[in-house]
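Worksheet: the structure to be examined is printed underneath.
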Amino acid sequence: MTDLVGTASPGKARHWAPGTQILWRYRENAGPRLHICRPVTVVEDTDDLLAVWMAPGTECVKPVLADGTPVHREPLATRYTKPRTVRRDHWFGTGVLKLARPHDPWSVWLFWEPGWRFKNWYVNLEEPRTRWSGGVDSEDHFLDISVDPDGSWRWHDEDEFAQAQEAGLMGRDKAGAVRAAGHAAVDVIRSWGPPFGDAWPGWRPDPTWRIPALPQDWDRTPAHLSS
């Protein structure tokens with residue numbers, strides 16, 4: 001896992017070269033701790049777009065309840081109030097291509113069925129990603145949107161979005177901004193703007209890429225944030 005970014009001219013954003021292995025991480029919603037980490041491989045990194053590939057079988061970090069119960073198995077009423085910890089696990093099933101424009105409060109994920117039959121896009125509403133030498137950090141905003149190949153779309157996890165507010169993980173103003181971001185994403189879907197009209201469903205990973213390893217210090221604080 002590299003901890004270096006690509007070179008760039010002074011005053012311009014640094015970019016990772018295709019094939020660079022980085023970390024895609026999420027902070028918890030009620031504190032600074034990182035609770036999700038996914039090693040990924042850079043597909044494309046420009047001023048306008050970061051595209052990364054999470055391969056099947058990638059070792060990741062995910063949140064679980066303190067007793068080891070998977071979060072999604074906990075009743076919604078107590079899902080965000082019981083103590084949590086993190087656990088190493090593997091991403092099973094097909095891989096995921098993640099696309100993110102620098103300032104968008106969402107990323108767009110592409111999923112395939114076995115045999116590379118394209119399944120759908122998934123709009124993950126989140127904080128615009130903060131770049132550091134080893135990857136990008138964000139914070140998930142609960143509410144999501146799925147988009148089928150025919151252009152139809154639907155909201156997801158509205159119950160979790162409401163419960164997160166009830167549990168004090170998101171204030172009214174923040175929730176309003178997240179909902180507005182969702183409607184902005186829907187406008188892009190309806191106009192079939194990037195990346196939905198692009199050729200990404202036909203993309204395939206480089207067969208020479210190895211699955212990135214999950215480092216022991218996956219939760220390290222970026223140097224520019226260290227005290």
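List of remarks:
- Check on Y122, under 11 Å from the mean Cα position of the chain (by Cα) and hydroxyl-bearing (S, T, Y): yes
- Listing of strands (runs of 3 or more DSSP E) fully contained in the range 128-227 that carry 3 or more residues being of a type in the set (D, E), touching a residue at least 12 places away in the same chain (Cβ under 8 Å) and in contact with a Phe, Trp or Tyr (Cβ under 7 Å, 6 or more places away or on another chain): 135-147
The rows are residues; the columns are (1) within 27 Å of F196 (Cβ to Cβ); (2) among the hydrophobic types (A, V, I, L, M, F, W, C); (3) crowded, with 19+ Cβ neighbours inside 10 Å.
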site	(1), (2), (3)
A77	no, yes, no
T85	no, no, no
W91	yes, yes, no
P102	yes, no, no
V123	yes, yes, yes
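Rundown of residues vs (1) of a type in the set (S, T, Y); (2) modelled with pLDDT of 95 or more; (3) in a loop (DSSP other than H, G, I, E, B); (4) in contact with a strand residue (DSSP E or B) (Cβ under 8 Å, 6 or more places away or on another chain), yes/no style:
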residue	(1), (2), (3), (4)
T2	yes, no, yes, yes
G11	no, no, yes, no
G31	no, no, yes, no
H35	no, yes, no, yes
V42	no, yes, no, yes
A51	no, yes, no, yes
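- Scanning the range 81-111 for residues that are within 21 Å of L214 (Cβ to Cβ), free of Cβ contacts under 8 Å to residues at least 60 places away in the same chain and in a loop (DSSP other than H, G, I, E, B) returns W91, F92, G93, T94.
The values are calculated or read from the model by the stated rules, or taken from the named source; none is laboratory data. Here the structure is a predicted model, which means the values were calculated and not measured. Quick reminder, even Gly has a Cβ in these numbers, built from the backbone with ideal geometry, and neighbours come from all protein chains shown.
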